[in-house]
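Undergrad: Take a look at this one; I'll ask things after.
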Amino acid sequence: KFDSTKMSVPHIGWNGRILHKETPILKYVNNDEDTYFVHSYYAPVTDTNKEWVLSSTTYSGQGFISAVQRGCVIATQFHPEK
């Protein structure tokens, strides 16, 4: 969970993403466009999960995974339907 003593929690608002891998699912979301986040929990990029990471984001200095893909399953921490 984000540390509410260091940042506003939940994270609500527009934020950018750092693309780690190309994927057709995000072809309509430009890399320079912000996406909308509403969440209190996050997963950091680690050696164990880095193969799945499509994008990451930083909020108040805390980096976290914002999209993953494993096989045909894709999940995003943001709302891609802009």
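The values are calculated or read from the model by the stated rules, or taken from the named source; none is laboratory data. Since this is a predicted model, take the numbers as computed values, not measurements. Heavy atoms of the whole protein, side chains included, go into the accessibility calculation; ligands, DNA and RNA do not. Shrake-Rupley method; radii C 1.70, N 1.55, O 1.52, S 1.80 Å.
Undergrad: Would you please give the residues with an amide H less than 5 Å from that of Tyr42, counting only those at least 5 places away or on a separate chain, with H modeled from the backbone geometry?
TA: Residues meeting the amide H criterion: Phe2.
Undergrad: Return the Cα extents of the chain along principal axes one, two and three, sorted largest first, each rounded to a whole Å.
TA: 37, 30, 18
Undergrad: Right, something else. Tell me the per residue accessible area of the chain using a 1.4 Å probe; a whole number in Å² is fine. Walk me through the numbers before you get to the answer.
TA: Numbers: 5440 Å² over 82 residues.
Each residue of the chain exposes 66 Å² on average to a 1.4 Å probe.
Undergrad: Once you keep just the Cα pairs under 8 angstrom separated by 6 or more residues, what percentage relative contact order results for the chain?
TA: Details: 135 pairs, mean separation 24.7, N = 82.
The normalised contact order for the chain reaches 30 percent.
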